[in-house]
């Protein structure tokens, strides 16, 4: 169920992306936030309380709308435009799955003791 | 004089007018804009390919918006406009700027901070529920994306933006379920004499209210929120009016209590701050021209103190004239005096607006212990009160260290006001006495690989 409702500017070219594995359709010029929330009711779940989140300030200040990319990156949904073929998911990757994080690296000291 | 390297942060009305004044004297400022197109938040432009006319986007303000946009278009060959640039650190007359994932150092001799504002919010039960957005955010969704935040939207809070956004939503075809003002009718009546100084502004406000009423939108005054209904998404909003509780059927809530200045960069460059009674917030100390306490650093627009878009245009130009004067360039002293007079007049209107739409000072005391204050790390009001009562955390930075409130991704932008209000109430003092959250780089999240990069320039200094 969508959160956002389109009222205008619906004549733009369509493009496709995936959210939680589902193929979705958006319009060129949509932010990631608009693209997701015109068809889903959350962008992510809170890493603290586990509740659903769908952004808040829409102007890059509150940092509530971070969305996980399947490749390990993250984008701020309100200030990133959707791109064709973007693969998004509402659940954060486990730290070990995110390239470049410390926990994704084997630490020899871990095995030494 | 060729050594001058002026940098402007922000391309809203203040930043653009500052750039115009500097370019008029042959300077070539660098403008760092976090947005992708100039205009700031108030005159934010939709992405390329959108088709609504400016009259639909900005209503009564469309001529002002258009003038600001056109000014910037005319400046593009005379200034260095860099959109999509996040200034995430400021240190030693150098800014660290992230653009497309790459951070570079931007040195300056003079810096104009025109960093704008965001909605001032206080928590209430259910404010984390998907479908609850700020008033400014509700407006951005419509203006920038052509979307409403829901099918049936309730707007709550106070300030001119409350009625403007409700009107814009209804005009655009959204169903506005209710407009719930925390200020009382008597507040607005008492502010009337002061508001007569700004008849245009007053007329617009009265027009929005009358239009909404005529179109069957319930308008309520003296409201306090009880709770957002619905667990995983909004199904209604319960509110208190007098000693009765009411409920409005809606699937989205837009709310905000006027604005708060974005002052992180002013803090990082070492500006002194003072408690601004009207804004009920700490803002950079500045003279009438916008000079901060740091030589060569100027603050203008809502990022200096809340004044609105018209005042921002004046303040941006005034700060640029101060910069020119300080750098030994010709500057128009008469123009400077006229701008200051305009800003002073605007200040008197701001006083009246604050009287009409006062900050609800009782709200924080009523926030239940289990209500989350910090959205980022889900710190509750109870945790703050407990820290205040069981430790000596009577100051914001100590409170932050003990509870993590203000330490999350938003760096206190969304929770800072509430945390100060809750702490001040718990301690039994004014918000001024609990102090100001110090700011740390990065002012917004950046990849850790960016922060780890060395800054060779810095080493030599």
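The values are calculated or read from the model by the stated rules, or taken from the named source; none is laboratory data. Source: prediction; values computed, not measured. Methodologically, a virtual Cβ is constructed for each residue, glycine included, from the backbone with ideal geometry; neighbour enumeration extends over all protein chains shown.
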Checklist outcome for this item: Inside the range B:68-87, the number of residues satisfying the requirement of being under 19 Å from residue B:41 (Cα atoms) and part of a strand (DSSP E or B) is 4
Checklist entry - Is the range B:41-54 home to any residue that is modelled with pLDDT of 95 or more, more than 24 Å from residue B:319 (Cβ to Cβ) and part of a helix (DSSP H, G or I)? => result yes
Item to check | The listed residue being touching a residue at least 40 places away in the same chain (Cβ under 8 Å), away from chain A (no Cβ under 14 Å) and surrounded by fewer than 17 Cβ atoms within 10 Å (Cβ to Cβ), out of B:190, B:238 | outcome: B:190
Checklist entry - When residues of the range A:1-26 are filtered for being over 19 Å from residue B:57 (Cα atoms), buried (at least 18 other Cβ atoms within 10 Å of the Cβ) and at the interface with chain B (Cβ under 9 Å from one of its Cβ atoms), how many remain? => result 1
Checklist outcome for this item: When the range A:41-57 is checked residue by residue, the ones that are within 8 Å of another protein chain (Cβ to nearest Cβ) and within 15 Å of residue B:377 (Cβ to Cβ) are A:46, A:48, A:49, A:51, A:53, A:56
Next on the checklist: Are there helices (runs of 4 or more DSSP H) fully within the range B:330-437 with at least 3 residues that are surrounded by 15 or more Cβ atoms within 10 Å (Cβ to Cβ) and within 14 Å of another protein chain (Cβ to nearest Cβ)? List them.
Outcome noted: B:416-427
Checklist entry - Got a number for residues in the range B:241-269 being within 14 Å of another protein chain (Cβ to nearest Cβ) and either more than 26 Å from residue B:168 (Cβ to Cβ) or in a strand (DSSP E or B) (or both)? => result 12
Checklist entry - Of the residues that make up the range B:270-287, is at least one in contact with a helix residue (DSSP H, G or I) (Cβ under 7 Å, 6 or more places away or on another chain), closer than 27 Å to residue B:63 by Cβ and in a loop (DSSP other than H, G, I, E, B)? => result no
Checklist outcome for this item: Considering residues that are in contact with a helix residue (DSSP H, G or I) (Cβ under 9 Å, 6 or more places away or on another chain) and more than 7 Å from every other protein chain (Cβ to nearest Cβ), the number found within the range B:125-141 is 3
